[in-house]
1. Please find, within the range 39-63, the residue that is farthest from ASP164 (Cα to Cα) out of those that are open to solvent by 20 Å² or more (accessible area, probe 1.4 Å) and of a type in the set (A, V, I, L, M).
2. Checking SER242 against (1) closer than 22 Å to ALA6 by Cα; (2) hydroxyl-bearing (Ser, Thr, Tyr); (3) open to solvent by less than 20 Å² (accessible area, probe 1.4 Å), which single condition isn't satisfied?
3. Return the residue satisfying two criteria in turn: it lies in the range 280-319 and is open to solvent by 80 Å² or more (accessible area, probe 1.4 Å) and at pLDDT below 95, and of such residues it is nearest to PRO95 (Cα to Cα).
4. Quick test of your reading of the structure: PHE202 fulfils all but one of (1) within 18 Å of the chain's Cα centre (by Cα); (2) surrounded by 22 or more Cβ atoms within 10 Å (Cβ to Cβ). Name the failing condition by number.
5. Does LEU237 count as of a type in the set (A, V, I, L, M) and either open to solvent by 10 Å² or more (accessible area, probe 1.4 Å) or free of Cβ contacts under 8 Å to residues at least 24 places away in the same chain (or both)?
6. Just checking, which of GLU108, GLU184, GLU90 is under 18 Å from the mean Cα position of the chain (by Cα), surrounded by 15 or more Cβ atoms within 10 Å (Cβ to Cβ) and acidic (Asp, Glu)?
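The values are calculated or read from the model by the stated rules, or taken from the named source; none is laboratory data. From a predicted model like this one, the values you see are computed outputs, not experimental measurements. Heads up, the Cβs are rebuilt from the backbone with ideal geometry, glycines too, and the neighbour counts pull from every protein chain shown. Only protein heavy atoms, including side chains, enter the accessible area calculation; ligands, DNA and RNA are left aside. Shrake-Rupley method; radii C 1.70, N 1.55, O 1.52, S 1.80 Å.
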Amino acid sequence: MVKKIALEEHFLSPGFEDYWGPTVSTVDPKFAGALLARLADFGEMRLQAMDQAGIARAVLAIAGPGVQSERDAATAVRRARESNDFLAREVQKRPDRYCGFAHLPMQEPATAADELERCMRELGFAGAMINGHTNGQYLDHPTLHVFWERAEALGAPIYIHPTDPVSLAPVLEGYNGLRRATWEWGFETGSHALRLVFGGLFDRCPGAKVMLGHLGETLPYMLWRFDSRAKLYGVKLASAPSDYIKRNFMVTTSGMCSVEPLNCAIAALGRDHVMFAADYPFESAQEAGEFLDHAPLNERAREDIAFNSAVRHLGLPRV
């Protein structure tokens, strides 16, 4: 069993249940209740799941959407800070096992930048997880330039996590099995990331770092197509879209225990841009860990994906 750092592991702060509840509105209430119990736990259940998977350290992030669905900006600012302080206290209890991603009030870009800096400099967090759009505003919006400039200056990875789309895609009408985590969230999140690329973010902020789960939300599979169609439609960028994805993006294995997409992500982005995540408690940490332990990789590649690249890219301790 290879030692691992897990990068998409979820929790809920006290009082955040109402923000999270709509994301499980279509699942069995008993299953949702079991998830809630695990999201609120920082002790035996979580640590046992980590041990079974060989996870030495988990980087914890709020289960979305959190305050990004909050309509009152002042409330979002206050509650994001409270959540980050709560997580910091839990991390301090087990600094050998836990670290954190900041939860940010993206309704207020300058304040979100300040909170990101506070979380990294004062609380020791490893970056931020942003749960998709914020009340319909995506991360390429011009008002967010100040946020990206600060994230670049801090060297902060920004993990874009799926959320429900602004409006339901008509093509999925009548097929609830394709909604949310099956297909809808991947399309939504991959499209969100492409807005950053095609919108020129990485020309303005060449050092910005974006993370995606699920082995890149299908982007590694489509690199040639992005470049070809960007030429066709006259997209004006300093480099080809695939260049930014290869340089500025990192992906994790969350929710993708399958060799074929893993091989694609490694071939497309390089193994140093592919890292481990379990997506606990929404996926089985043990299954994710066993998948990486037995995937047909050479041992150096396995160790890099499991542990070494997270240490390098996120500045995490090696212990």
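1. Checking each candidate, the answer is ALA56.
2. With respect to (1) closer than 22 Å to ALA6 by Cα; (2) hydroxyl-bearing (Ser, Thr, Tyr); (3) open to solvent by less than 20 Å² (accessible area, probe 1.4 Å), SER242 is out only on (1).
3. Top of the filtered list is VAL319.
4. Going through the list (1) within 18 Å of the chain's Cα centre (by Cα); (2) surrounded by 22 or more Cβ atoms within 10 Å (Cβ to Cβ), PHE202 breaks only (1).
5. yes
6. Within the list GLU108, GLU184, GLU90, the selection yields GLU184.
Conditions (1) assigned to a helix (DSSP H, G or I); (2) of a type in the set (Phe, Trp, Tyr), marked per residue:
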site: TRP20; (1), (2): yes, yes
site: ALA32; (1), (2): yes, no
site: ARG38; (1), (2): yes, no
site: ARG46; (1), (2): yes, no
site: ASP51; (1), (2): yes, no
site: LEU60; (1), (2): no, no
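Quick grid of which residues meet (1) open to solvent by 10 Å² or more (accessible area, probe 1.4 Å); (2) free of Cβ contacts under 8 Å to residues at least 60 places away in the same chain:
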position: PHE101; (1), (2): no, yes
position: ARG118; (1), (2): yes, yes
position: PRO157; (1), (2): no, no
position: SER167; (1), (2): yes, yes
